[in-house]
Amino acid sequence: MVSLLRSEWYKLRKSKIVYILLVGPVVGLIIGIFTNIDMLPLEMNQWVGTLMMMNLTYALLFLPLITGVLAGMICKYEHDAGGWKQLLALPVTRGKVFVAKYFLLMLLILAIQVFYLVSLLGIGFAKGFTDTFPIEVVWKSILGGWVATLPLASLQLWMSMMFKSFAASFSVNVIFTLPTIVIVNSERFGPYYPWAQPFSMMYLSGDTNDIFFVPWDHLLTVVGGSFIAFFVAGFIYFQRKAV
Amino acid sequence: MEYVVETKKLTKKFGIEYAVADLDLKIPKGEIYGFLGPNGAGKTTTIRLLLGLMRQNTGTIKIFNKDLNSTRLEILKKVGSLVENPSYYGHLTARENLETLRKIHGAPKQRIDDVLDIVRLSDVGNKKVKGFSLGMKQRLGIAASLLNNPELLILDEPTNGLDPSGIIEIRNLIKRLPSEYGMTVLISSHLLSEIDQIATSVGVISKGKMIFQDSIEEMRMLSQQKISLKLDDNEKAWRFLSSKGVKVEPENDCLALVEQSDQEIAHVIRMLVENNFSIYRVEEEKRSLEDTFLQMTMEEKAV
Ligand SMILES: Nc1ncnc2c1ncn2[C@@H]1O[C@H](COP(=O)(O)OP(=O)(O)O)[C@@H](O)[C@H]1O
Ligand SMILES: [Mg+2]
């Protein structure tokens, strides 16, 4: 498994992955820079206010889009020139290949979230925020956003394995990402829509005592449940895929 | 006989079409097994089944005397393969491509240089494969298949896209493998001449069915070539040769020689020249692959 992960990382490292990892955080950075903190309510913490503004675009739009792009990329070079058949004729199980790809994808998303946090810190220091850094709120948002991509990324990985064309899986992802802006406001569908979950979980909603910004039972049932559903479906699909 | 690969009634359907039907493939150890069949006969499908890239509908596969389904990983550690068009990662160099596989095999780093050298790609090892010609990609694929020093090497039409000198090079390489490294080789092709020059054992597949499987000598007996002579007076020559005990058959505007050893032909021609016949043409007629297939299929039915 370790050797497989090393091989996967090697392939990925040599593609133009770094630039893609930076897109989201840079977008966050730009929004943060242009956020006028004087416009925010006085009682609001400067860090929290800035992060909320950044999240609006980042978590709603860029994060789900970029996780899709990453999922597409780690499958693209397998689709392009017979990579799958070469890889799967090696002494590896398909299960391990699937898990390795998923693991790597989640690691990359974690890296994006960390870069995003770095963006926030950079803005704060540059602008000389005087409020205390709300460490708990921030890590809940950063890590919560990452947890929320667990189901979405499984779904996107599954799709990317299915579609031979990178453009096709990317288009589908765009089509499902755009309505998030509307769906996220719906009490009934919002929590269940995989593309809306990152925003819901990064959204800074005052003082809930739960571990993240959504109640525990919601986290376990909706995020956990859909993660298992998509992961298992993708896993089974890949087991049976003829290459 | 010890078989490295043995399938029983191997069958694969796509929809209602049989791509492989009741195939009993037997590859003896240490042989170069030529898997011959026209395009669409089911060679690649069979190879995919042998590597577990696809699941058969029915039938069993044994490699190294072990069941493929239950011992796949253990078996694949000792198998090298090149399936259909060469596989590669275009964004990586030749060396990096091999490195991604080496990491999984756990082979020593030195092995990358070795296999690049074997297929003569050392000079372009650090170039991106994207820009390679088909022949170079094909060589890289062969290098990749040799990386783990396999006991069984499976090459699906490995000379596709190679230029004539490349074909000869690869052919010579493959010929060395059994004696130098103890490998058993399965090589598929749609060209009889290709298999004829390289294989020691042959299986012929047509429409998913194995229609012939034996040693190359047996195969050559079946697809014998014919020597035809064209003379100023065929009729007279025929009578002359027959009287000398040479077996000839008149055929259209020429004579067909049944015996065809080099000495025999030299002998016949000398006799003809010495007796003042004018020889216009001496031709060797190779039977086409289709003819051979046809004959094989007919014999199969007659049995
Ligand atoms: N993935 C597939 N789906 C449907 N039909 C296929 C597939 N792969 C091969 N075939 C069909 O199976 C037959 C055998 O193909 P193949 O094994 O590629 O032949 P060969 O390698 O001998 O040229 C052909 O008729 C081909 O069209
Ligand atoms: Mg083929």
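The values are calculated or read from the model by the stated rules, or taken from the named source; none is laboratory data. In this text the structure is predicted, and so the values were computed from the model without any measurement. Cβ placement follows ideal geometry from the backbone for every residue including glycine, while neighbour counts extend to all protein chains displayed. When the accessible area is computed, the model is the full protein with side chains, heavy atoms only, and any ligands, DNA or RNA have been set aside. Shrake-Rupley method; radii C 1.70, N 1.55, O 1.52, S 1.80 Å.
Brief remarks follow.
- A probe of 1.4 angstrom, applied to the heavy atoms of all protein chains, finds B:Tyr88 with accessible area near 50 square angstrom.
- Extension gain from A:Ile175 to A:Leu22, taking 0.36 nm per residue of separation minus the Cα-Cα distance: 52.8 nm
- Reference-scaled alpha-carbon Rg (2.2 N^0.38 Å with N residues) for the range A:28-129: 1.52
- In degrees, nearest ten, helix B:289-302 long axis to first principal axis of chain B (Cα): 90 degrees
- Rounded to two decimals, the Cα radius of gyration of the range B:3-220 over 2.2 N^0.38 Å is 0.98.
- 3J(HN,Hα) couplings calculated from phi for the range A:108-115 with the Karplus curve 6.51 cos²θ - 1.76 cosθ + 1.60 (θ = phi - 60°) are, in sequence order, 5, 5, 4, 4, 4, 4, 5, 4 Hz; Gly and Pro show x.
- For the segment A:8-21, counting C-beta atoms of other chains within 10 Å of every residue's C-beta and taking the mean gives 2.
- For B:Lys226, the lysines whose Cα comes closer than 30 Å to its Cα, not counting residues fewer than 8 places off in the same chain, are B:Lys43, B:Lys175, B:Lys207, B:Lys209, B:Lys236, B:Lys244, B:Lys247, B:Lys286, B:Lys301.
- Translational diffusion coefficient (Stokes-Einstein; Kirkwood radius from C-alpha pairs) of the protein assembly as shown at 4 °C, 1.567 mPa s, in µm²/s: 47 µm²/s
- P(r) for the range B:224-286, from all Cα pairs and a bin width of 5 Å, is 4, 19, 36, 30, 11, 1 %, short bins first.
- Treating each Cα of the range A:105-195 as an identical point scatterer and summing with the Debye formula, the log10 of I(q)/I(0) at q = 0.23 Å⁻¹ comes to -1.18.
- Accessible area per residue for the range B:3-220 is 41 Å², calculated with a 1.4 Å probe on protein heavy atoms, without ligands, DNA or RNA.
- Zone residues, the range B:265-281, relative to B:Asp232, backbone N less than 17 Å from point 7 Å out along Cα-to-Cβ: B:269-281
- Sites B:Phe14 and B:Thr60 - FRET efficiency at Förster radius 25 Å, r taken between beta-carbons, to 0.05: 0.80
- Cβ crowding within 10 Å averaged over residues, with A:137-150, B:261-274, A:96-109 ranked highest first: A:137-150, A:96-109, B:261-274
- Solvent-accessible area buried by B and A, counting both chains, probe 1.4 angstrom, square angstrom: 2400 Å²
- For the protein assembly as shown, the 222 nm mean residue ellipticity estimated from helices alone, with every DSSP H stretch of n ≥ 4 adding -39500 (n - 2.57) and the total spread over all residues, rounds to -16500 deg cm²/dmol.
- Rounded to whole Hz, the Karplus (6.51, -1.76, 1.60) HN-Hα couplings of the range B:158-172, x for glycine and proline: x, 9, 4, x, 8, 7, x, 5, x, 4, 5, 4, 5, 4, 5
- Interface residues, the range B:55-85 - accessible area loss of 30 Å² or more versus chain alone, probe 1.4 Å: B:Arg72, B:Leu73, B:Leu76
- Simple Cβ-charge dipole of the range A:46-182, Lys/Arg +1 and Asp/Glu -1, about Cα centre, in debye nearest 20: 400 debye
- Projected area averaged over orientations for chain A, convex hull of C-alpha atoms, nm²: 13.6 nm²
- Per-atom-type breakdown for the protein assembly as shown gives carbon and sulfur 58% of the accessible area (1.4 Å probe, protein chains only).
- A cut-off of 5 Å between modelled amide H atoms, ignoring neighbours fewer than 5 places along the same chain, links B:Ser206 with B:Ile211.
- Computed from backbone phi, the HN-Hα couplings of the range B:186-193 come to 10, 10, 9, 6, 9, 10, 4, 4 Hz, rounded to whole numbers (Karplus: 6.51 cos²θ - 1.76 cosθ + 1.60, θ = phi - 60°; Gly and Pro given as x).
- Residues in the range A:50-97 that, when all protein chains are in place, have 50 Å² or more less accessible area than the chain alone would give (probe 1.4 Å): A:Ala81, A:Lys85, A:Gln86, A:Ala89, A:Leu90, A:Pro91
- Solvent exposure of the range A:2-240, expressed per residue, is 45 Å² of accessible area, with all protein chains present and a 1.4 angstrom probe.
- The H on the amide N of B:Lys13, modeled in the peptide plane, is under 5 Å from the matching H of B:Ala19, B:Asn57, each at least 5 residues off or on a different chain.
- Net charge dipole, the protein assembly as shown: roughly 920 debye, given to the nearest 20, about the Cα centre with Cβ charges of +1 for Lys and Arg and -1 for Asp and Glu.
- The equivalent ellipsoid of the range B:85-209 has semi-axes of 25, 17, 13 Å, largest first, where each one is the square root of 5 times an eigenvalue of the Cα gyration tensor.
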